[in-house]
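Undergrad: Below you'll find the structure I mean.
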Amino acid sequence: MIRLGTSAFTAAGWEGSFYPEGMKPADYLSYYAKHFNSVELDNTFYRAPSKTVVEGWARKTPEDFVFAAKVPQICGVFTYVAGHPGRAFRLGCGVI
């Protein structure tokens, strides 16, 4: 199966061009899921969504709909620790 989606289900300028004029943002995901079978979750880059938010997404989409979550930004943050010269550590995502 081919999955087709966008990098988010909301974006400036989509109302009136993709979403019908006057549609409430709370209805965007349900409408989006009638046209696409997947979406990238950009907000997971910044923080994990709450259980309530995830359950709401699930209620608004079909069972086979795919959410592609971005890896949290902390996983791309490196630091060097005293006593470990030349060894980079990835904060929050384990040791490299």
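The values are calculated or read from the model by the stated rules, or taken from the named source; none is laboratory data. Since the structure is predicted, the reported quantities are computational estimates derived from the model, not experimental observations. Note: ideal-geometry Cβ built from the backbone for every residue, glycine included; neighbour counts use all protein chains shown.
Undergrad: If you go through the stretch 18-29, how many residues are under 17 Å from the mean Cα position of the chain (by Cα) and surrounded by 14 or more Cβ atoms within 10 Å (Cβ to Cβ)?
TA: Summing the residues that are under 17 Å from the mean Cα position of the chain (by Cα) and surrounded by 14 or more Cβ atoms within 10 Å (Cβ to Cβ) in the stretch 18-29 gives 2.
Undergrad: Might you check whether a residue that is of a type outside the set (Phe, Trp, Tyr), part of a helix (DSSP H, G or I) and at pLDDT below 90 occurs anywhere in the stretch 50-71?
TA: Taking every residue of the stretch 50-71 in turn, none turns out to be of a type outside the set (Phe, Trp, Tyr), part of a helix (DSSP H, G or I) and at pLDDT below 90.
Undergrad: Taking ALA68, is it surrounded by fewer than 16 Cβ atoms within 10 Å (Cβ to Cβ) and in contact with a Leu (Cβ under 8 Å, 6 or more places away or on another chain)?
TA: Yes: the conditions hold for ALA68.
Undergrad: Sort out which residues of the stretch 5-31 are out of contact with any strand residue (DSSP E or B) (no Cβ under 7 Å at 6 or more places or on another chain) and touching a residue at least 24 places away in the same chain (Cβ under 8 Å), and write them in order of number.
TA: Answer for the stretch 5-31, where residues must be out of contact with any strand residue (DSSP E or B) (no Cβ under 7 Å at 6 or more places or on another chain) and touching a residue at least 24 places away in the same chain (Cβ under 8 Å): LEU29, SER30.
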